[in-house]
Structures are given as structure tokens and as C-alpha cells.
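Step one of this worksheet: look at the structure below.
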Amino acid sequence: MNTPLKIVFITHYTALYGANRSLLSLVKLLTKKQYEILVLVPEEGPITQRLSAFKVQSIITTFYDEYYYNSLGSRFLGMKRHVLNRFYFQAILKKIEKYNPDIIHSNSASLHLGAKLAFQLKKPHVWHIREYGFEDYHALHNLGEQNHLKWLNKATHIISISEALKQAVLKQVEVPISVIYNGVMPKLQMEAFLPKNLQKEIVFTLAGSFRKEKGQEIALAAFSQIADKIPQAILHLPGDATNTYGNYLKERANKLGLSKRVIFPGFINDVEELYKNTSILLMCSKNEAMGRVTAEAMARYIPVIAYHGGANPELITHEKEGLLYQSEAELATAMMMLAKDSATYKKMGEAAHQRALSLFTEEKYVQAVEKIYTEELAKFDD
């Protein structure tokens with residue numbers, strides 16, 4: 001590459017949840033390949049600190065996502081944010097015009113800013129779709145789904161993080177769509193992990209934001225069914241549990257007499273710390289678009305028990321890399337079986353690791369995205 005390609009990424013939040021961690025993986029490797037990267041963020045936060053460590057430029061400027069959350073108050077706030085986005089747009093446009101990117105890459109379905117910038121500047125727009133919207137967040141677009149579809153169809157290329165997500169939310173899209181799984185770490189790092197054996201203490205981990213859609217409640221209910229039978233087991237629920245749902249779960253654990261065995265450690269920034277003591281990962285979201293934590297656990301030889309829905313069956317073959325369930329009773333049975341059978345545990349962990357190597361390396365992820373950049377720029381040049 002003689003002249004480095006200039007890419008503007010846009011992300012709508014700054015915490016290091018899955019979408020931003022996947023963005024950082026992409027940015028890190030593209031920078032090593034001599035791409036020039038600029039990331040547009042709405043405020044300072046953990047992601048700007050990581051970008052600084054990568055020596056990647058970021059612009060902090062006010063903008064909002066285009067979602068509201070299915071209530072009258074949220075509808076009003078959503079429209080207020082939409083109006084503010086229109087107010088801030090020209091100032092942002094001038095900044096991006098001055099930077100003169102080759103490609104604009106939006107990191108979420110919640111954003112329309114990238115689509116509008118690309119349209120005004122006549123630049124290719126690659127749009128990463130990482131969420132269902134209503135099914136996983138109860139989120140709707142401020143100006144309606146037909147307006148959202150209009151902007152989707154102005155993109156030059158759309159990336160869906162799973163086939164399930166593509167089939168669910170992109171059926172009416174007319175522009176090219178590629179399914180690309182998130183890359184969670186370099187191949188060499190993944191290969192360096194050692195197989196895991198079942199330890200005396202069994203740690204079930206469900207990692208995610210504290211929302212009903214993530215399924216912490218069913219994990220707690222299933223755990224309560226097996227707690228007496230596996231006295232050495234604990235349930236680990238990392239994430240910010242200071243909201244109403246988190247407080248409800250803490251109270252529920254207390255009432256079940258499990259306050260010492262259900263751990264709420266708060267948000268864990270260090271990924272290795274998150275998985276260090278995890279024996280089995282639980283993925284209880286019914287509409288998980290991919291599940292970055294699923295891929296990360298599989299890479300570390302950790303079997304996953306996941307709900308049979310969303311993209312989970314794409315990542316996990318039942319009774320091979322992990323187990324799939326559809327009810328609380330099935331979840332409890334799966335937890336019991338895997339915690340009691342060390343041979344099956346090890347076999348599934350090894351199969352999970354091999355599947356992660358084939359699907360979830362950063363190199364495979366970046367190579368697929370880079371191919372889209374090359375193809376779409378060639379079309380623009382024509």
C-alpha cells in the first residue's frame with residue numbers, strides 16, 4: 001500500500017463492552033498494516049484511553065445514537081437527541097471533511113451519523129451491524145425502521161456479525177452484505193492457551209451488562225436448582241450491577257440463601273482476570289447477535305452453555321463445543337452434567353478451542369474487513 005488508506009470509525013459509546021472491544025481489535029491490526037485511523041467518539045472514556053495507547057487519533061465531539069427504548073419518556077428523549085444530532089452535524093461534517101477519509105466505517109446499527117457523513121462527502125460507507133435492536137435492547141430507531149432501512153440501503157457494504165443477525169434484521173437490505181465473525185485475539189495468543197481441566201471449585205460465569213435480555217435471572221434460577229448438589233460451585237456475574245435489575249438479582253440471591261455463592265464483582269476491564277477462574281461460561285441471552293464472550297471463552301478451552309437461539313447455534317454445536325438449552329430445567333441439567341463429567345468437560349473445551357482458532361482470530365477478522373475496503377474502493381474508483 002503506497003499511500004495509507006484513511007479510515008474514520010464512529011462509535012456511539014466509550015465503555016469496553018463487546019462492540020468497542022471488537023472495534024479495538026480491528027483498529028489495532030489496521031494500524032499495524034499502516035492504515036491511518038481516526039475514531040469519532042461522543043466523550044472521553046475507556047476506549048479513548050486504549051486508542052491513545054495504540055497511538056490512534058480520536059476526535060471527541062457531541063453526538064448521539066438514534067435509538068429510543070419503547071416508552072413515552074424515552075421516545076421524547078430520542079427525538080430530542082435526533083434534533084441535537086442535526087444541530088451538531090455541520091460542525092462534525094467540517095472536521096471529517098478536513099480529515100478527508102477514504103472510507104467511513106460505522107460500528108453500530110444505532111448510528112446514522114456515519115451514513116449521513118458518507119452521503120454528504122461522497123465516500124464509501126461500511127456499516128457494521130452488531131445488534132438486533134428491539135429483540136436484544138428493546139430499542140427502536142427515532143424516525144422509524146423504514147427510515148433506518150433507507151440509510152442502510154445507502155451504505156456501500158454492510159457487515160453482519162452472524163448469519164442469524166443477517167437473516168433477522170437485514171432481509172430487506174439491497175446492498176452487499178458480508179457475515180464476518182468478530183476476531184477476539186491474535187492467532188498466536190490463542191494458540192498459547194493450555195487445555196483446561198475441571199477444578200475442584202466450579203465457577204459458572206455469565207458476563208454482560210445487567211439487563212433482563214442478558215439472562216442473569218435464569219442463570220441464577222438454574223444455579224439455585226443445582227447449588228445443593230454441587231456445593232463447590234459458585235455463580236460469577238461480572239458487570240455493573242448498580243441498576244434496578246442488578247439490585248433485584250442481589251436481593252433474589254439473598255432470599256435463596258446464595259449470597260456467598262453468587263458473586264457480583266462489578267465491571268472487569270481485564271479480560272484475563274474475567275476468564276482466569278471461569279470453569280464454564282453461560283450465555284443466556286435469547287437474541288445474542290454473536291457473543292464475543294462466547295468466542296473468548298472457547299479460545300481459552302472453556303466450554304459454553306448457551307441458549308438455543310440467536311447466533312449461539314452457529315458458534316456452538318450441541319454436545320461438541322458446548323451445550324445448548326431452551327428452558328430453565330435444561331440449563332440446570334446442562335450445568336450439572338458438565339460440572340460432574342471431567343472427561344466431557346475437557347473434550348468439549350478442546351473442541352471449542354479448535355473452533356475458535358478456525359473462526360475468531362483477529363487476523364481472519366481483519367483480512368475479511370480489509371477485503372471489503374479494497375473491493376468497495378475499487379467500485380468507487382470506477
Original post:
Restricting to the range 331-376, what's the tally of residues that are at pLDDT 95 or above and in contact with a His (Cβ under 7 Å, 6 or more places away or on another chain)?
Top reply: 1
Original post:
Does LYS340 satisfy being touching a residue at least 40 places away in the same chain (Cβ under 8 Å), under 24 Å from LEU235 (Cβ atoms) and loosely packed, with under 15 Cβ neighbours inside 10 Å?
Top reply: yes
Original post:
Quick check: anything in the range 268-279 among the hydrophobic types (A, V, I, L, M, F, W, C) and surrounded by 22 or more Cβ atoms within 10 Å (Cβ to Cβ)?
Top reply: no
Original post:
Of TYR88, TYR132, which residue is part of a loop (DSSP other than H, G, I, E, B) and assigned by TED's automatic domain parsing to the domain that holds ILE10?
Top reply: TYR132
Subject >> Members of the range 23-47 that are small (Gly, Ala, Ser) and closer than 17 Å to TYR373 by Cα >> reply: SER25
Original post:
Do any helices (runs of 4 or more DSSP H) entirely within the range 272-382 hold 2 or more residues that are at positive phi, and if so, which?
Top reply: none
**OP:** Scan the range 46-55 for residues that are closer than 20 Å to TYR17 by Cβ and more than 21 Å from the chain's Cα centre (by Cα) and report the count.
**Re:** 2
**OP:** Evaluate the following for HIS308: is it surrounded by 15 or more Cβ atoms within 10 Å (Cβ to Cβ) and touching a residue at least 60 places away in the same chain (Cβ under 8 Å)?
**Re:** no
**OP:** Could you list all residues from the range 51-76 that are out of contact with any Leu (no Cβ under 8 Å at 6 or more places or on another chain) and exposed (fewer than 15 other Cβ atoms within 10 Å of the Cβ)?
**Re:** SER52, ALA53, LYS55, ILE60, SER71, LEU72, GLY73, ARG75, PHE76
Subject >> All positions within the range 71-110 that are touching a residue at least 12 places away in the same chain (Cβ under 8 Å) and either touching a Ser or Thr at 6+ places or on another chain (Cβ under 8 Å) or among the aromatic types (Phe, Trp, Tyr) (or both) >> reply: LEU84, TYR88, PHE89, ALA91, ILE92, LYS95, TYR99, ASN107, SER108
**OP:** Return the total of residues in the range 187-228 being closer than 21 Å to LYS346 by Cα and in a loop (DSSP other than H, G, I, E, B).
**Re:** 10
Subject >> Residue ID - surrounded by the fewest Cβ atoms within 10 Å (Cβ to Cβ), chosen from residues in the range 229-267 that are among the aliphatic types (A, V, I, L, M) and assigned to a helix (DSSP H, G or I) >> reply: LEU249
Subject >> Index of the failed condition, ARG75 passing every other in (1) at pLDDT 95 or above; (2) touching a strand residue (DSSP E or B) at 6+ places or on another chain (Cβ under 7 Å); (3) of a type in the set (Lys, Arg) >> reply: (1)
**OP:** Would you please list the contacts, defined by Cβ atoms under 6 Å and residues six or more apart or on different chains, that run from a residue in the range 153-176 that is under 22 Å from ALA118 (Cα atoms) and surrounded by fewer than 14 Cβ atoms within 10 Å (Cβ to Cβ) to a residue that is at pLDDT 95 or above and polar (S, T, N, Q)?
**Re:** GLU174/ASN153
Original post:
Do you know which residues across the range 160-184 are under 16 Å from LEU26 (Cα atoms) and either outside the structural domain of TYR137 (by TED's automatic domain parsing) or assigned to a loop (DSSP other than H, G, I, E, B) (or both)?
Top reply: ILE161, ILE180, TYR181, ASN182, GLY183, VAL184
**OP:** Could you please tell me which pairs satisfy a Cβ distance under 8 Å, a separation of 6+ or placement on different chains, a first residue in the range 194-213 that is more than 30 Å from ASN243 (Cα to Cα), and a second residue that is among the hydroxyl-bearing types (Ser, Thr, Tyr) and not in a helix (DSSP H, G or I)?
**Re:** LEU194/TYR301; PRO195/TYR301; LYS196/SER279; LYS196/TYR301; LEU198/SER279; GLN199/SER279
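The values are calculated or read from the model by the stated rules, or taken from the named source; none is laboratory data. This is a predicted model, so every value here is computed, not measured. Cβ sites come from the backbone with ideal geometry, for glycine too, and all protein chains shown count toward neighbours.
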